[in-house]
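Asks: After the structure tokens below, expect a handful of questions from me.
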Amino acid sequence: MADERRGQLRRGKERVVRVRREPPQPAAGVEPHADGERLSKVMAARGLCSRREADELIARGWVRVDGRVVSELGTRVLPQVTIDLDPRAERQRDRRVTILLHKPVGYVSGQPEPGCKPAVALVVPGAQVAGAAGGPRFRPAMLKGLAPAGRLDIDSTGLLVLTQDGRVARQLIGDDSEVDKEYLVRVEGRLRADGLARLRHGLSLDGRALRPASVEWQNRDQLRFVLREGRKRQIRRMCELVGLTVVGLKRVRIGRVPLGELPLGQWRVMRTDERF
């Protein structure tokens, strides 16, 4: 009986050894030289994440194309493919924060030049709005990959968005962004006769026509601008073209999110129920 059992075990082992596994098949529409776009670019275009985040998720094996895992960077896919994220990617994405900061004058929104202070340096525990209004309490992980989603120059103040979420960045600063930004602008000088009309539509910067804007007087020395683009020092340069000098500029709203009562130099985490 023992000899017979050992024989069965040996035969069982032989059967296991002889099993041949088929190599994984590529997802439909996923071939190294197939016509199509890079998977990371398609993911970003669909609003799943940024291209950088897409590469990270692909490398981790957290992306499925037509039901099959794709882990090779640079993979090209056809337009009709179905893309799904692993639940671990969804959980990681949900932990990413977007921070709303009331930037003071004297801080730059992006990469600082020598002698300049970056706005992200204000994202510290002591500058967070107190209580539930500030959202989840500060943790060092909030600073990882935190980047400004839009410009606000060193001489300007107001609402600045800093985010870890590539979807938010694309929504606010992508070439196809339709999110408007509202500014209150104090000016000096004499507005040319057709100046207000030209501010609304008809000006160009750096050889490129500006998109139509909403511009109106708030009082004798203050204009209200609503823009859907963000060229470098755009409002200041627009005003110069029509005879005005900007002496104060404050961003008070981005999309549906207002600056509100957020104190100067302080920040809070954007709530899950808020949308730009």
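Asks: Which value, in debye to the nearest 20, gives the size of the charge dipole of the chain about its Cα centre, when Lys and Arg are +1 and Asp and Glu are -1 at the Cβ?
Replies: Values: 54 positive and 35 negative charges, 131 e Å.
The dipole magnitude comes to about 640 debye.
Asks: With every atom except the alpha carbons ignored, what do you get for Rg and Dmax of the chain, in angstroms?
Replies: 26.6, 109
Asks: Can you compute the modelled spin-label distance between Glu274 and Arg64, with each label point 7 Å from Cα toward Cβ, in nm?
Replies: 3.5 nm
Asks: From a point 7 Å beyond the Cα of Asp35 in the direction of its Cβ, which residues of the stretch 67-84 have a backbone N at a distance under 14 Å?
Replies: 77-80
Asks: Distance check, please: which entries in Lys41/Lys103; Lys117/Lys232; Lys103/Lys144 exceed 26 angstrom between their Cα atoms?
Replies: Working: Lys41/Lys103 32 Å; Lys117/Lys232 18 Å; Lys103/Lys144 20 Å.
Cα-Cα > 26 Å for Lys41/Lys103; rest within.
Asks: If you stretched the chain out fully between Asp84 and Ala45, how much longer would it get, using 0.36 nm times the residue separation minus the C-alpha to C-alpha distance?
Replies: Result: 12.6 nm gained on full extension.
Asks: Considering only DSSP beta bridges where both residues belong to the chain, give the percentage that are antiparallel (nearest 5). All intermediate terms of the calculation are to be shown ahead of the outcome.
Replies: Values: 44 of 49 bridges.
If we restrict to bridges inside the chain, about 90 percent are antiparallel.
Asks: Sort 215-226, 118-129 for me by packing, meaning the mean count of neighbouring Cβ atoms within 10 Å per residue, highest on top. Numbers along the way, then the final one.
Replies: Numbers: 215-226: 14.3, 118-129: 15.8.
With the highest mean Cβ count within 10 Å placed first, the list reads 118-129, 215-226.
Asks: Let me ask something else. Determine, from the Cβ-Cβ distance of Leu184 and Arg91 and an R0 of 35 Å, the FRET efficiency 1/(1 + (r/R0)^6), rounded to the nearest 0.05.
Replies: Working: r = 40 Å, r/R0 = 1.14.
The computed FRET efficiency comes out at 0.30.
Asks: Using the scaling law 2.2 N^0.38 Å as the reference, what is the normalised Cα Rg of the stretch 145-197? Mind dumping the intermediate values first?
Replies: Numbers: Rg = 15.1 Å, N = 53, 2.2 N^0.38 = 9.9 Å.
Scaled against compact globular proteins, the figure is 1.52.
Asks: Turning to a different aspect of this structure: Quick one: which residues, 5+ away or cross-chain, put their amide H under 5 Å from the amide H of Lys117? H built at 1.01 Å from N.
Replies: Counting only residues 5 or more places away or on other chains, the set is Val108.
Asks: Further question: Which semi-axis lengths, in whole Å and largest first, follow from the square roots of five times the eigenvalues of the Cα gyration tensor of the stretch 82-206? Don't jump to the answer; show the numbers that get you there.
Replies: On the way: eigenvalues 211, 90, 35 Å².
For the stretch 82-206, the semi-axes come out at 32, 21, 13 Å.
Asks: For a label point 7 Å from the Cα of Trp217 along Cα→C-beta, name the residues of the stretch 234-248 whose backbone N is under 19 Å from it.
Replies: Residues 239-248 fall inside that zone.
Read-outs throughout are calculated quantities, based only on the coordinates presented, and are distinct from any laboratory measurement. Keep in mind it's a predicted model, so treat the numbers as computed, not measured. Note that each Cβ is placed from the backbone with ideal geometry, even for glycine, and that neighbours are counted across all protein chains shown.
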